[in-house]
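Input: a single structure, listed below in structure tokens.
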Amino acid sequence: MQRIGFLSFGHWGPGRGSRTRTAGEALRQGIELAVAAEELGIDGAFFRVHHFARQQASPFPLLAAIAARTSRIEMGTGVIDMRYENPLYMAEEAAATDLISGGRLQLGISRGSPEPARNGAAAFGHQPAEAETAADMARRHTAQFRHAISGAGVAEADPRYAGGAIGLLPVQPQSPGLAERIWWGAGSRSTAVWAAGLGMNLMSSTLLTEDTGVPFDQLQAEQIQLFWDAWAAAGHSHQPRVSVSRSILPIVDDEDSRYFAGSALRDSRDQVGVIDGLTARFGKTYAGAPDVLADQLAADAAVQAADTLLVTVPNQLGVDFNAKMLGNIARYIAPAVGWTPAHS
């Protein structure tokens, strides 16, 4: 395990006990938590992207603000729903954010998950082409986005206003190296193989939209191995990265116990359910005493197979609580999976 980051779903709302009651608070607290995480030696600050919900929706202003307030920590998404995106505008935003950060952007993208809106992408102006599914459209947008950030030309030059240039113009700005820091959020073994063939890093979450009857960590470890095999077969020139997400809730004081003792009893095993019409296996929540969680994570096959661990945080509990939680993970749990703080 080379890197550990946090993954925030960016929830906000006026519910009982919420310390993140407005969208403004969610954004500002995301920045402050990234700053605190960097001070703890945590390696990454990642944010989920959801539309038509009280969650983070437009990631680039947030990521650019984090880039301006920090110097080392990576910032990224987990994941952007590519059904909604204008690929060329997104390429400009991503490159600008990466340049502000000095090359620290790690951008997770995917075909998306079920959203509150019945056909939200259409409201954003995006409809599948004839004989194309929404997933096909997301992959088409992905190909256009990756083409644009590679520096390839995408629009014909007008010599009158382009200094006499002819041919195709690339979008500007460009950020060298960004193309190798794009991750695909793969929900199955087959999509992991597909992403490897195209040269994208693998981002695997706390669920897979398939179930073979084996424990979640073993199924995810199989997905990771298939990704590595496909990457090797494709002959890419650079090394990929692989991340997995886990819900890790150390209980070290009365406040932690008040929030998470129920999870320690209720969510301590895998769950199988249906999402988006597909049978899915959901990974368990790691909640309990730090020494117990350290042993459990050291035995987690997928955590051992990945180089990056993203820890989901209960962001509505506020910056101080989440910084405390990340500090406890860094001190008492993460060393069991071979990780050391970046400032060590």
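The values are calculated or read from the model by the stated rules, or taken from the named source; none is laboratory data. Everything numeric here is computed off the predicted structure, so don't read it as measured data. Quick reminder, even Gly has a Cβ in these numbers, built from the backbone with ideal geometry, and neighbours come from all protein chains shown. Surface areas here come from the heavy atoms of the whole protein model, side chains and all, with no ligands, DNA or RNA. Shrake-Rupley method; radii C 1.70, N 1.55, O 1.52, S 1.80 Å.
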Ignoring ligands, DNA and RNA, what accessible area per residue does the chain give at 1.4 Å, in Å²? 44 Å²
Return the long-range amide H neighbours of ALA280 (sequence gap of 5 or more, or a different chain), with a cut-off of under 5 Å between placed amide H atoms. GLY273, VAL274, ILE275
Please list, in chain and number order, the residues 5+ apart from GLY288 or on another chain whose amide H is under 5 Å from its amide H, with Hs placed from the backbone. LEU249, ILE251
Computing the accessible area with a 1.4 Å probe over protein heavy atoms, can you report the carbon and sulfur percentage for the chain? 53 percent
Once fully extended, how much extra length lies between VAL154 and ASP291, figured as 0.36 nm per residue of separation less the alpha-carbon to alpha-carbon distance? 44.0 nm
For HIS238, the accessible surface traced by a 1.4 Å probe with all protein chains present amounts, in square angstrom to the nearest 10, to 40 Å²
Using a simple spin-label model with points 7 Å from Cα along the Cα→Cβ vector, what separation in nm is obtained for LEU265 and ALA129? 5.6 nm
May I ask for the net charge around GLY153, where only other residues with Cβ less than 15 Å from the Cβ of GLY153 are counted and Lys, Arg are +1 while Asp, Glu are -1? -2
If each of ARG72 and ASN119 carries a label point 7 Å out from its Cα toward its Cβ, how far apart are those two points in nm? 5.0 nm
Could you list which residues have their amide H under 5 Å from that of LEU207, counting only those 5 or more apart in sequence or on another chain, with H placed in the peptide plane? GLY283
Leaving ligands, DNA and RNA out of it, work out the accessible area of SER18 with a 1.4 Å probe and give it in Å² to the nearest 10. 20 Å²
Taking only C-alpha pairs under 8 Å that are 6+ residues apart, what is the relative contact order of segment 56-169 in percent? 27 percent
What do you get for the angle between helix 23-40 and the principal long axis of the chain? Use alpha-carbon atoms, 0 to 90 degrees, nearest ten. 70 degrees
Roughly speaking, what is the centre-to-centre gap between segment 172-200 and segment 51-126 when only Cα atoms are used, to the nearest Å? 15 Å
Residue-span extension gain [ARG21 to GLN2] - 0.36 nm each, minus C-alpha spacing: 3.4 nm
